[in-house]
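Written out below as structure tokens is the structure these notes cover.
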Amino acid sequence: MAAVGSDPILFYDGVCGFCDRAVQFVLRQDTEQRFRFAALQSPFAHAVLARHGRNADAFDTMYLLLDAGTPRERLLSRSDGIMALLRELGGGWKVLAALAGLLPRALRDRAYDGFARNRYRWFGRYDQCMVPPPGARPRFLDDHGVDAATGGRRSAAP
């Protein structure tokens, strides 16, 4: 895995059927295992969103945190977050992101918001956050052993 500050962190709605599928998609496509994940409902996500002045109780967007814990740290949402995710995946996904970037942000975000409003109806809603596949569990940052500043694991107290 890459160094802590270089790993993108995807924040997703942990009870959303579509978001679960999106996380599974990223897990399959991320051959370098760079992406890490945290449900928006987690304490880690709440701390990061608060640090960026975002409402931690609003689950209407996925966020992508880039360069966590560095001076270049940035939190992207809505269509900007999805386009950055595709660029980070590389390959043909990078081309798709470039094509989407030709559209004005207002139009991209309007389409994103329309999809987000209907995602529970179209893809369902779970009673609780998904359990990650065993091999991917270390890439999920939902537990209390995560440093909210960097997304890295905290060492145990002496």
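Inspect region 38-53 for any residue being under 20 Å from Phe140 (Cα atoms), in contact with a Pro (Cβ under 6 Å, 6 or more places away or on another chain) and not in a strand (DSSP E or B) and give the result as yes or no.
No, region 38-53 contains no residue that is under 20 Å from Phe140 (Cα atoms), in contact with a Pro (Cβ under 6 Å, 6 or more places away or on another chain) and not in a strand (DSSP E or B).
Leu85 is checked against (1) outside any helix (DSSP H, G or I); (2) in contact with a strand residue (DSSP E or B) (Cβ under 8 Å, 6 or more places away or on another chain); (3) hydrophobic (A, V, I, L, M, F, W, C) and fails just one. What number does that condition carry?
Here Leu85 meets the rest and fails (1).
Quick check on region 89-148: of everything there that is outside any loop (DSSP other than H, G, I, E, B) and aromatic (Phe, Trp, Tyr), which residue is modelled with the lowest pLDDT?
Taking the candidates together, the pick is Tyr120.
Show the residue pairs meeting these rules: Cβ distance below 8 Å; 6+ apart or different chains; first residue within region 37-54 and farther than 19 Å from Pro132 by Cβ; second residue aromatic (Phe, Trp, Tyr).
Leu49/Phe11; Leu49/Tyr63; Arg54/Tyr63
Starting from residues that are modelled with pLDDT of 90 or more and within 23 Å of Tyr120 (Cβ to Cβ), keep the ones in region 43-61 and report whichever is surrounded by the most Cβ atoms within 10 Å (Cβ to Cβ).
Once the filter is applied, the top-ranked residue is Ala45.
In this structure, does Thr70 turn out to be within 13 Å of the chain's Cα centre (by Cα) and of a type in the set (Ser, Thr, Tyr)?
no
Run Arg28 past the list (1) under 12 Å from the mean Cα position of the chain (by Cα); (2) assigned to a helix (DSSP H, G or I) and report the number of the one that doesn't hold.
If we test Arg28 against (1) under 12 Å from the mean Cα position of the chain (by Cα); (2) assigned to a helix (DSSP H, G or I), just (1) comes out false.
Kindly establish whether Val15 is within 21 Å of Pro138 (Cβ to Cβ), surrounded by 19 or more Cβ atoms within 10 Å (Cβ to Cβ), among the β-branched types (Val, Ile, Thr) and modelled with pLDDT under 95.
Judged against the criteria, Val15 is not a match.
Working only within region 14-69, note down all residues that are in contact with a helix residue (DSSP H, G or I) (Cβ under 6 Å, 6 or more places away or on another chain) and of a type in the set (D, E, K, R).
Matches in region 14-69: Arg36, Asp60, Asp67.
Any residue in region 100-127 that is more than 10 Å from Phe18 (Cβ to Cβ) sitting within a Cβ distance under 8 Å of a residue that is β-branched (Val, Ile, Thr) and part of a loop (DSSP other than H, G, I, E, B)? List the pairs, counting only those 6 or more apart or interchain.
The qualifying pairs are Tyr112/Thr61; Tyr126/Val15; Asp127/Val15.
The values are calculated or read from the model by the stated rules, or taken from the named source; none is laboratory data. It should be emphasised that the depicted structure is a prediction, and the values quoted were computed from it without experimental measurement. Glycine also receives a Cβ, built like all others from the backbone with ideal geometry; neighbour counts cover every protein chain displayed.
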